[in-house]
Amino acid sequence: MDERAQQFLDRRRVAHLATVSSAGAPHVVPVCFAVVGSTVYVAIDEQPKRFQDPLKLRRLLNIADNPQVALVADVYDDNDWSQLGFVLLRGVARVIVPGVEHLNAIATLRQKYVQYRDMALELRPVIAIDVQQVTVWGQLDG
């Protein structure tokens, strides 16, 4: 990933994570994320979820069935379409549990999102996406 794409992603607060079920059904959710090198980390936070057990979340079940995922972060300006831009990442997702990588991911996510500082993220899985392809389009400097 080049520096311009990295800086664009560092400025974005939300992206959309796309996973696919074993039956081929797409599933897209907005996520908070942080990029470290060629890996993207996505926390499973304490916001209300349909299931108490985070491992039953559709995105995690899909990753278990098919680890190929996509994540897109964009900028949109309704008044000036010359300012539109996005970075699309494709890669292989892993669900990480407590350990060194998990702790480092949580620390990075907490640095970016103050809301995570009061959440017990240590007790929850984190999605790690090992980026294999980066697509950049449009205005990334804003």
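The values are calculated or read from the model by the stated rules, or taken from the named source; none is laboratory data. Just so you know, these numbers come straight off a predicted model, no measurement behind them. Because the Cβ atoms are built from the backbone with ideal geometry, glycine has one as well, and the counts that use them run over all protein chains shown.
Below is a table of values for the structure above.
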quantity	calculated
Filtered residues of the range 118-137 (kept if out of contact with any helix residue (DSSP H, G or I) (no Cβ under 8 Å at 6 or more places or on another chain) and not in a helix (DSSP H, G or I))	Met119, Ala120, Ile129, Asp130, Val131, Gln132, Gln133, Thr135, Trp137
Residue list for the range 95-124, filter: surrounded by 13 or more Cβ atoms within 10 Å (Cβ to Cβ), at pLDDT 95 or above and farther than 20 Å from Leu9 by Cα	Val95, Ile96, Glu101, His102, Leu103
Boolean, Gln132 is in contact with a strand residue (DSSP E or B) (Cβ under 7 Å, 6 or more places away or on another chain) and loosely packed, with under 13 Cβ neighbours inside 10 Å	yes
When residues of the range 9-31 are limited to those that are assigned to a loop (DSSP other than H, G, I, E, B) and of a type outside the set (A, V, I, L, M, F, W, C), the one farthest from Glu101 (Cα to Cα)	Gly24
Output for the range 32-76, where each listed residue is hydroxyl-bearing (Ser, Thr, Tyr), at pLDDT 95 or above and part of a loop (DSSP other than H, G, I, E, B)	Ser38
Among the residues listed as Leu84, Leu89, Leu57, the single one being touching a residue at least 12 places away in the same chain (Cβ under 8 Å), surrounded by 14 or more Cβ atoms within 10 Å (Cβ to Cβ) and out of contact with any strand residue (DSSP E or B) (no Cβ under 7 Å at 6 or more places or on another chain)	Leu57
Residue that is touching a Lys or Arg at 6+ places or on another chain (Cβ under 6 Å) and within 22 Å of Leu123 (Cβ to Cβ), where the choices are Ile44, Ile63	Ile44
